[in-house]
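The values are calculated or read from the model by the stated rules, or taken from the named source; none is laboratory data. A quick note: this is a predicted structure, and the numbers were derived from the prediction, not measured. Using ideal geometry, Cβ is built from the backbone for each residue, glycine included, and neighbour counts are taken over all protein chains shown. Accessible surface is based on the protein model in full, side chains and every heavy atom, while ligands, DNA and RNA are left aside. Shrake-Rupley method; radii C 1.70, N 1.55, O 1.52, S 1.80 Å.
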Number of protein chains: 4
Amino acid sequence: MRLLARHPGFRVVRATSGRLAGTPLRDACPWLDTSLELSSFDPADPGAEFVLLAQENGFAMRHAATLIDAGARVVDLSADHRLRDPEAYRAYYKAEPAPEGHGAVYGLPELGERDAIRSARLVANPGCHVTAAVLALLPLVRAGRVTGTPVIDTKTGASGAGRARKESEYLLSEALNDVRAYGVVGHRHTPEIEQALGGLPIRFTPHILPMPRGLLATVAVPVSDGADLDALYREFYADAATVRVVAHPPTTKATLGTARCDVWATYDARLGMAVVCAALDNLGKGAAAAAIQNLNLMAGYEEAEGLPLDGLWP
Amino acid sequence: MRLLARHPGFRVVRATSGRLAGTPLRDACPWLDTSLELSSFDPADPGAEFVLLAQENGFAMRHAATLIDAGARVVDLSADHRLRDPEAYRAYYKAEPAPEGHGAVYGLPELGERDAIRSARLVANPGCHVTAAVLALLPLVRAGRVTGTPVIDTKTGASGAGRARKESEYLLSEALNDVRAYGVVGHRHTPEIEQALGGLPIRFTPHILPMPRGLLATVAVPVSDGADLDALYREFYADAATVRVVAHPPTTKATLGTARCDVWATYDARLGMAVVCAALDNLGKGAAAAAIQNLNLMAGYEEAEGLPLDGLWP
Amino acid sequence: MRLLARHPGFRVVRATSGRLAGTPLRDACPWLDTSLELSSFDPADPGAEFVLLAQENGFAMRHAATLIDAGARVVDLSADHRLRDPEAYRAYYKAEPAPEGHGAVYGLPELGERDAIRSARLVANPGCHVTAAVLALLPLVRAGRVTGTPVIDTKTGASGAGRARKESEYLLSEALNDVRAYGVVGHRHTPEIEQALGGLPIRFTPHILPMPRGLLATVAVPVSDGADLDALYREFYADAATVRVVAHPPTTKATLGTARCDVWATYDARLGMAVVCAALDNLGKGAAAAAIQNLNLMAGYEEAEGLPLDGLWP
Amino acid sequence: MRLLARHPGFRVVRATSGRLAGTPLRDACPWLDTSLELSSFDPADPGAEFVLLAQENGFAMRHAATLIDAGARVVDLSADHRLRDPEAYRAYYKAEPAPEGHGAVYGLPELGERDAIRSARLVANPGCHVTAAVLALLPLVRAGRVTGTPVIDTKTGASGAGRARKESEYLLSEALNDVRAYGVVGHRHTPEIEQALGGLPIRFTPHILPMPRGLLATVAVPVSDGADLDALYREFYADAATVRVVAHPPTTKATLGTARCDVWATYDARLGMAVVCAALDNLGKGAAAAAIQNLNLMAGYEEAEGLPLDGLWP
């Protein structure tokens, strides 16, 4: 809502809620300066050209086909349409995948399939850990330099868990001054990262940090050639509208509120390993801003149209 | 548990839980290095000389008499036995008070009634805002210098809300980077502060801060005489085992994990008002350490026996 | 820079730095996605229609006249031109005030003197505590309801101290988990608040909180009439572009990154006092966004043109 | 000071400071409830049986021999005496090592050389990252299961940088809501970890987190055998006084203020890699508590005598 309010090309005509239909959006979200009223969700009557779905897993799977039949083009921020391999979906999500994946296109433009996104009826928006990990590794993978298993360690703010989590570990009292790993084996973003990297197996450990937003991926990976990593990365991302190759280890805070991902690569010659860091806002380039980047492509705008690229500092 | 583990005079023989009886305490509280197993609560069989009750309001009221009949001496950390005026209790708690207050003694030793605490069968442990506000104002009130309504503004960490609160405003994601007032009119600590100050009406606004622990009370109050406040306070608290009069505005962090309350007073001559700050750990001098301070009196130990007075820094 | 980058009417043509002239702005501020290079400051050659000065006290006083002579119109974010009373300036700033105040206009549009701002050559941007305190009290003062000394307690994030402060108390290690009062008697925003309120004496205590941004003012004030405060405030701020009267105690986080100030008033009938809270982003409505609000008036735009009103959440 | 104040066997007789000699310790450290006055440091007159040195690198190297000659037994918390290989010291510290290392014993009791520590005149206290990384890997290394390069990713609170760091990145305003990697290639703890693991080369990336205390090491390492890791670790640490093998990924907060290190290991069968997490308080088991653990051995006390093992929660 915040991002779309300042976009020159889109207008939000509906915001829906199963539980709060009929109440002013501002009562539910006092940080928004809006006069919109929450309405019920009716997939057969989307009432808009584009629909963003940001619900728990399973919701988009139930409604995507109806929305598309009703003429809408959809960006799904859940995990329902991300995996192309039905077996991987069953293994990691313990549920049946969408039939034929509802024809979804995977919405990470930096993978290079922008035309598919432009014409898609349904776009699967990537997971936040996935975007950071993939943007960190993609130039090395595409250059054919990777010679071993990447070890990916991500650190993310607590907002990734959502508003509905009720475990005491998400309370400020118990989460501040703390860091911990979670989903150490079998985290659902594992197959999604591997899919985006062409099947390369990866070791992935996410961590939760005492901050609301931000995600940093640190990757150590054996490479055949560690020369000129900075140049390799700068060339690879020369045309990327929202990726910046930076000169120092990136900080998540520099990306706060933005659509940017900052990437930095170096070489540990002693071990023959590249070390790459990628920082983004897990709710920006890791979620909402990425969705609007996809919307921009779908609607024919410039890829970063209307998206903030300057971080809120400090 | 943490405080009692290092106390030379007390041994914890039971920890009870309605929901988790039978599980090792360490599974519920992995920060404790203990082999104790949680058991059921049976007020007719306390199994110990002293019982600390740290439950929601209403629990102690139901069980205090049984515990006392069974021979235990009780410190109640809830609000059940704090107010002496039944009408005030009804007005602020919307419930019936304990008959004759179960004979409870109010457990703020700095009020000067240590002998009553020493011989009490039931001690009502004060509220955290109350302790800070009262320790800030007491020297002025006892000196007869107060000439107008004290305005008390407190700022406290989120732990005061407890582990069970499920509103999203207590999530780290939503509480970090935020401050707000709550309970602005009619907060339940209001009559308790007034009672401890001999009936002086006060204006009281509590605030919640983005930190787990700590409580700061800032008080502005018209006074008849603003001379030598530092000396007045130092003399008043000369024998207080856990109150320190400090030379600069106190910080909550300096009291982290301790039984200390740091107090500082100054005079705004332009307005004829004293400004006093009192800092403490809302779970230390504001709750658990205060309870053990009372236990010490009840068991005949020195008032600060076994209590930490050095803060965890940084 | 972040706010102006998305403003439809202004273009940043220069950013200056005494120490870093010649280096890319992005190297100094990696959160900005800009190609601007830092240049030297030359008040005789401003090179722009409008100049924003955000320097330590004393800097604007030295250069304002030169800038104005060179044709620029200036918004000064320092304290140099805020106080109209030379004696108050000398007493609180221990320095000589600007001669005739350089003809500055005080830039708080909600005071009602928008025409003066529109035509000003030099605007003094208000202090962050001042804006919150004054917006909290102004409706009551203008309605003639105030009958005693307002007690103003503000809580603000650490960014108010700036990047140059080197005391260890501003380090994250020592400031996190902490709150303290500072400048308890004689804080420099005191005379500025009193000036904006028509000379009403106020008691003012600022506090520093463990968060980067955000400022909350809580005011308790005796009033002659506490009826219909919400209506009084809504009417008073009906046309204010960046002030919202809200239905619950406001939170600073809801204003994060915005030009908004959220105000809420209630009445403590027991004591005959109004209690008012005002929340804003100390670097938004408390500084940079307020400066652009003034720029908008000076340049003939709508008052909130280009300013974000939706907060970054969470 | 906080830890020693509650130790039954030690008494602090002197605290020294080059800059603050003559001032009460409490003025410099208001969180300490002490009447000690800071004095000058004179290595020829230690005035105590044991001396703890907690100074910048180079200080202990200059004074260790004098202190030992004067009869003191020394625990050095700096890096001066940690590396046994003079070449490694020169390469990583760009300085000359101590001659013969001043005969220092490396003070990580879990390595198994407790007798050497017991009789040492000089103990080199390990680095915080080192302790966590080594305790995570040691059982696998000693069991001969490691078959590839461990990738060690540590996350630590900002206190590791000390009080003297003046870069703006350590300010709360700029460090809160942020995470970043630092010292990505060539961090000085690298050779120390490798030395403790018998020369095993490791990949090591430290990160700084928005919290004062706490350190988590996450290690991914190829192993020949992933069976029964929990049993392997429990057996290995069965007699360790301050290491706990836990059933879930450990949290740094559970170790806050303690001498504990919590370790957890699991196996990623798909990749043939073990993943191990070790959490500790970087100023507890990572520094001061580890020093006292060494002091206990040197003075003939139980290894965990007087050390807190219950964390401050929340």
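About its Cα centre, the protein assembly as shown has a charge dipole of approximately 0 debye under the convention of +1 per Lys or Arg Cβ and -1 per Asp or Glu Cβ, with nothing else charged. A simple spin-label model places the labels of C:R114 and C:S168 5.1 nm from each other, with each point 7 Å out along Cα-to-Cβ. 3J(HN,Hα) along region B:122-128, derived from phi through the Karplus expression 6.51 cos²θ - 1.76 cosθ + 1.60 where θ = phi - 60°, amounts to 9, 10, 8, 6, x, x, 5 Hz, with x in place of Gly and Pro. Per residue in region C:124-169, which ones lose no less than 50 Å² of accessible surface when going from chain alone to all protein chains (1.4 Å probe)? Residues passing the criterion (a loss of at least 50 Å², heavy atoms only) are C:V151, C:R163, C:K166. Close amide-amide hydrogen proximity is noted between D:L171 and C:L172, each under 5 Å apart and 5 or more residues distant or on a separate chain (H modeled in the peptide plane; Pro and chain starts excluded). Taking B:P99, B:P250, B:P46 as the candidate residues, the one with maximal mean-square fluctuation in a Gaussian network model of chain B, Cα springs under 10 Å, is B:P99.
Shown for A:G18: label points 7 Å from Cα along the beta-carbon vector, and their distances to the equivalent points in the other copies, 3.0, 6.1, 6.6 nm in ascending order.
Take the accessible area of A alone and of C alone, subtract that of the pair with a 1.4 Å probe, and the total buried over both chains is about 2700 Å². Take the Cα radius of gyration of region B:1-91 and divide it by 2.2 N^0.38 Å, N being the number of residues; the result is 1.20.
Rounded to the nearest whole Hz, the Karplus-based 3J(HN,Hα) values (6.51 cos²θ - 1.76 cosθ + 1.60, θ = phi - 60°) of region A:96-111 follow the sequence 7, x, 5, x, 6, x, 6, x, 5, 9, 7, x, 10, x, 5, 5, with x at glycine and proline.
Along its three principal directions, the equivalent ellipsoid of region A:254-306 from the Cα gyration tensor extends over semi-axes of 30, 12, 8 Å, largest first. Under 5 Å between amide hydrogens, built in the peptide plane, is the criterion, and for B:V105 it picks out B:L122, B:V123, B:A124 among residues at least 5 positions away or on other chains. Placing +1 on the Cβ of every Lys and Arg and -1 on the Cβ of every Asp and Glu, with no other charges, gives region A:58-184 a dipole of roughly 180 debye about its Cα centre. Accessible surface of A:F50, taken over heavy atoms with a 1.4 Å probe and every protein chain present, rounds to 40 Å². Size of region B:91-206 from its Cα atoms: along the principal axes, largest to smallest, the extents are 46, 36, 25 Å. Think of a 1.4 Å ball rolled over the protein heavy atoms: region C:6-107 then has 53 Å² of accessible area per residue. Across region A:164-179, rounded Karplus estimates of 3J(HN,Hα) from the backbone phi angles (6.51 cos²θ - 1.76 cosθ + 1.60, θ = phi - 60°) give 8, 5, 10, 5, 5, 5, 9, 5, 3, 4, 9, 9, 5, 6, 9, 9 Hz, Gly and Pro being marked x.
A Gaussian network model of chain D, with springs between Cα atoms under 10 Å, assigns the largest mean-square fluctuation among D:K253, D:K285, D:K166 to D:K166.
In a simple Cβ point-charge model (Lys, Arg +1; Asp, Glu -1; nothing else charged), region D:1-84 has a dipole of about 280 debye relative to its Cα centre. Working value for the protein assembly as shown: equivalent-ellipsoid semi-axes of 44, 43, 32 Å, each the square root of 5 times a Cα gyration tensor eigenvalue, largest first.
Between D:L216, D:L137, D:L111, which gets the highest mean-square fluctuation from a Gaussian network model of chain D, Cα cutoff 10 Å? Looking only at D:L216, D:L137, D:L111, the largest GNM fluctuation is found for D:L111.
Across all directions, the shadow cast by the convex hull of region D:182-314 built on its C-alpha atoms averages 9.4 square nanometres.
Sorted shortest first, the separations between the A:A227 label point and its copies elsewhere in the assembly read 4.7, 8.6, 8.6 nm; each point sits 7 Å from Cα along the Cα-to-Cβ line.
Based on the Cβ-Cβ distance of A:A54 and A:A247, what FRET efficiency does E = 1/(1 + (r/R0)^6) give at R0 = 51 Å, to the nearest 0.05? So the FRET efficiency works out to roughly 0.90. Quick one: Debye curve from the alpha-carbon atoms of chain D only, equal weights, vacuum; give me log10 I(q)/I(0) at q = 0.13, 0.14 Å⁻¹ to two decimals. With no solvent term, the Cα-only Debye profile gives -0.97, -1.14. For chain D, the longest principal axis of the alpha carbon atoms and the long axis of helix D:59-69 meet at an angle near 70°.
The helix-only estimate of mean residue ellipticity at 222 nm for chain D, built from DSSP H runs of length n ≥ 4 each weighted as -39500 (n - 2.57), is -6500 deg cm²/dmol after division by the residue total.
If amide H atoms are built 1.01 Å from N in the plane of the peptide, which residues on other chains or at least 5 residues away come under 5 Å of the amide H of C:F204? Excluding prolines and chain starts, which carry no amide H, the hits are C:I152. Comparing C:L215, C:I202, C:A231 along the charge dipole axis of region C:194-238, the residue lying farthest to the positive side is C:L215, per the Cβ-charge model. Distances between equivalent label points of A:R114 across the copies, with each point positioned 7 Å along Cα→Cβ, amount to 4.3, 6.5, 7.8 nm, shortest listed first.
Between C:M61, C:T23, C:G71, the Cα set farthest toward the positive side of the dipole of region C:1-102 (charges on each charged residue's Cβ, about the Cα centre) is that of C:T23. Remark: for residue pairs D:K166/D:K253; A:K253/C:K285; B:K166/C:K253; A:K166/B:K253, the C-alpha separation exceeds 24 Å in D:K166/D:K253; A:K166/B:K253.
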